[in-house]
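The next block holds one structure in the form of structure tokens; read it before the comments.
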Amino acid sequence: MIKVVRIGPSTLLREESWSADLFCSDATLIFRGNYNVIELKKLGDCIEGWRVSTNEGTKEYDRRIESTPIYRQVNLKELSFDLDHQHWNSPVIEKKYCVQPGDVVINKILPLRASIATFRLPRHPVDGNCILIRGIKEPLNTWLAICLNQKPYEAYLLQRQGMSILARVGLKVLSQLYLPIPPMEDARILHHEIWDWNEQVLDNDQLRVRLIDEVESYVAQKLKETEVNFDDRPLNPGQFFPGKTIADSLVPNHVRLSYQLARLKQESGWISLSVLLDKKIATSRLSKSPEIGRYLRVRDIDRDLTFSLPEAESDWRSPYRVFNRPLTKGEVLISTFVTPSRVVFMDEMPSDQVYVTDSWERLRFRETPAAWALVLNTKVIRKQLAGMTIGSVQQYIRPENIPRLVVPDIDLDVRISWEEKLLRHHRKHRDLQQQRKLIDLEAQELFDRVHGVTKTK
């Protein structure tokens, strides 16, 4: 059944276009509904991000880019920011392209995402592939972000910009967008929920960063107390290593690492990971994939030692690459790919069965697994992993070599403290994920109501 949507003459006049690509696309939805509209440029300003080059030989180069954390497109999520570790450093510049509380930030290159800057967000600049929308009062700033995260608005901005090799959102077209005015009381309630949720996410993320820094500093100090230096400098010709420290590989970098690990154990009392591990988790593989299953891959990992529940998939074609025992509580996973290196701590059973692919080595510690997961996430461990790599195109580690990693002998009370902090973070993280699901439902309901969307049973 074909649904007929009437586009009034006032809309055609306002848009200055009769283009079928605009009025017969997904963007049609934003021309429906019984509401008042206001042009975006009458509410606030659209500001382009920092157009700067990292190439010292160009006129766009600014030396401050070398030390300034910057928000890029990858850091923009729907209604929120996804911060890298460096973003928690103190801001070093103050310009109009630095985020301010209340800003809505979008990326120019599709798919479009609109994020909200709250008080807790560090005030770093956004890069030139992003646009800041500033000066819109609450709750309309949050309402704008909700609308811009919807596909009809993405389609509208794309069609109004015109076709090009690379689909982008332009400042002029964005500033000319007409925003529908929602019921203000409903919008205000939703604004406060989204704002409070963002603040809690940032608080929890900062706690995680501080904990990671605390563990990193502790382990680095322990290494500093030894005479071992993990470096990637080429070996000197004819460099000698004692035969008893050589393992089963004669690759020069592997030999050097074996010598370094032996010294850490013998001279400084560091411990092999194998001593800390409980019985090995069975590594038998699936003989046949389930009809629908969830499979954990490296790309599903968040920055906080947790993972996003993978999407359910059918017709998995490589069951031989999947362990037949689903993920269980207390496991620590470490990726066998060195780039990117990822560590996961599973503090509780997932809500659905999750199968683990062979890109991971599954570890079970006798005690304080969360603390050891934090230690495995440090630079000292990553340097050890780098010394174990094989392969040229994609560097990886043989799973049987991971128990050879060595860690400092850390007092139990220190590990318990770290464990409690990480568990607290993970619990809060899950609570916030549940809150976000409810917020998304409320936001979608308000968007549909304003735009005259009726749900079919």
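The values are calculated or read from the model by the stated rules, or taken from the named source; none is laboratory data. Predicted model only: the values in this text are computed from it and were never measured. Quick reminder, even Gly has a Cβ in these numbers, built from the backbone with ideal geometry, and neighbours come from all protein chains shown. These accessible areas exclude ligands, DNA and RNA; they are computed on the full protein's heavy atoms, side chains included. Shrake-Rupley method; radii C 1.70, N 1.55, O 1.52, S 1.80 Å.
Couple of notes before you dig in:
- Looking only at residues of the stretch 223-252 that are open to solvent by 80 Å² or more (accessible area, probe 1.4 Å) and polar (S, T, N, Q), we find that the one that is farthest from the chain's Cα centre (by Cα) is Gln239.
Condition check ((1) assigned to a helix (DSSP H, G or I); (2) charged (D, E, K, R); (3) touching a residue at least 24 places away in the same chain (Cβ under 8 Å); (4) under 30 Å from Ala27 (Cα atoms)) across all residues:
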| position | (1), (2), (3), (4) |
| --- | --- |
| His425 | yes, no, yes, no |
| Gln434 | yes, no, no, no |
| Glu445 | yes, yes, no, yes |
| Asp448 | yes, yes, no, yes |
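- Some residue of the stretch 383-394 being open to solvent by 30 Å² or more (accessible area, probe 1.4 Å), part of a helix (DSSP H, G or I) and more than 14 Å from Leu273 (Cα to Cα): yes
- Pick from the stretch 234-256, criterion in contact (Cβ under 8 Å) with a residue 40 or more places away in the chain and outside any helix (DSSP H, G or I), ranking: nearest to His85 (Cα to Cα): Val251
- Among residues of the stretch 280-299 that are free of Cβ contacts under 8 Å to residues at least 24 places away in the same chain, those with a Cβ under 8 angstrom from a residue that is of a type in the set (Gly, Ala, Ser) and open to solvent by less than 100 Å² (accessible area, probe 1.4 Å), sequence gap 6+ or separate chain, pair up as Glu291/Ser314; Ile292/Ala312; Ile292/Ser314.
- Members of the stretch 145-177 that are at pLDDT below 90, among the polar types (S, T, N, Q) and not in a helix (DSSP H, G or I): Ser164
- Conditions (1) within 24 Å of Arg321 (Cα to Cα); (2) open to solvent by 60 Å² or more (accessible area, probe 1.4 Å): number failed by Leu277: (2)
- Hey, Leu432 open to solvent by 30 Å² or more (accessible area, probe 1.4 Å), over 29 Å from Gln260 (Cβ atoms) and modelled with pLDDT of 95 or more or not: no
- Residue match in the stretch 218-233 (condition: assigned to a loop (DSSP other than H, G, I, E, B) and either within 30 Å of Arg436 (Cα to Cα) or among the hydrophobic types (A, V, I, L, M, F, W, C) (or both)): yes
- Count of the stretch 326-367 residues which are surrounded by fewer than 16 Cβ atoms within 10 Å (Cβ to Cβ) and over 28 Å from Gln434 (Cβ atoms): 4
- Checked against (1) under 29 Å from the mean Cα position of the chain (by Cα); (2) in a loop (DSSP other than H, G, I, E, B), Tyr35 meets all criteria but (1).
- Top-ranked residue of the stretch 178-188 - restricted to ones that are part of a helix (DSSP H, G or I) and touching a residue at least 40 places away in the same chain (Cβ under 8 Å), ranked as farthest from Ser80 (Cα to Cα): Met184
- From the options Asn198, Asn204, residue that is touching a strand residue (DSSP E or B) at 6+ places or on another chain (Cβ under 6 Å) and either among the β-branched types (Val, Ile, Thr) or part of a helix (DSSP H, G or I) (or both): Asn198
- Within the stretch 212-221, no residue satisfies the criterion of being touching a Phe, Trp or Tyr at 6+ places or on another chain (Cβ under 8 Å) and closer than 16 Å to Asp302 by Cα.
- For the stretch 293-336, the set of residues classified as part of a strand (DSSP E or B) and closer than 29 Å to Lys428 by Cα consists of Gly293, Tyr295, Leu296, Ile301, Phe307, Glu313, Val332, Leu333, Ile334, Ser335, listed by residue number.
- Evaluation of Arg64 against the conditions (1) modelled with pLDDT under 95; (2) part of a strand (DSSP E or B) shows that the sole unmet condition is (2).
- Residue match in the stretch 194-216 (condition: open to solvent by 10 Å² or more (accessible area, probe 1.4 Å) and aromatic (Phe, Trp, Tyr)): yes
- Long-range neighbours under 6 Å by Cβ, at least six apart or interchain, first residue more than 22 Å from Glu420 (Cα to Cα) and in contact (Cβ under 8 Å) with a residue 40 or more places away in the chain within the stretch 325-349, second open to solvent by 20 Å² or more (accessible area, probe 1.4 Å) and among the charged types (D, E, K, R): Ser341/Arg382
- Close pairs from the stretch 209-233: first closer than 30 Å to His429 by Cα, partner open to solvent by 90 Å² or more (accessible area, probe 1.4 Å), Cβ under 9 Å, at least 6 apart: Glu216/Lys379; Val219/Lys379; Ala220/Lys379
- Scanning the stretch 259-269 for residues that are crowded, with 17+ Cβ neighbours inside 10 Å and either touching a residue at least 60 places away in the same chain (Cβ under 8 Å) or within 34 Å of the chain's Cα centre (by Cα) (or both) yields Gln260, Leu261, Leu264.
Each row is one residue, and each column tells you yes or no for (1) closer than 19 Å to Leu376 by Cβ; (2) hydrophobic (A, V, I, L, M, F, W, C); (3) open to solvent by 20 Å² or more (accessible area, probe 1.4 Å).
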| residue | (1), (2), (3) |
| --- | --- |
| Leu286 | no, yes, yes |
| Arg297 | yes, no, yes |
| Arg303 | yes, no, yes |
| Pro310 | no, no, no |
| Glu313 | no, no, yes |
| Asn324 | no, no, yes |
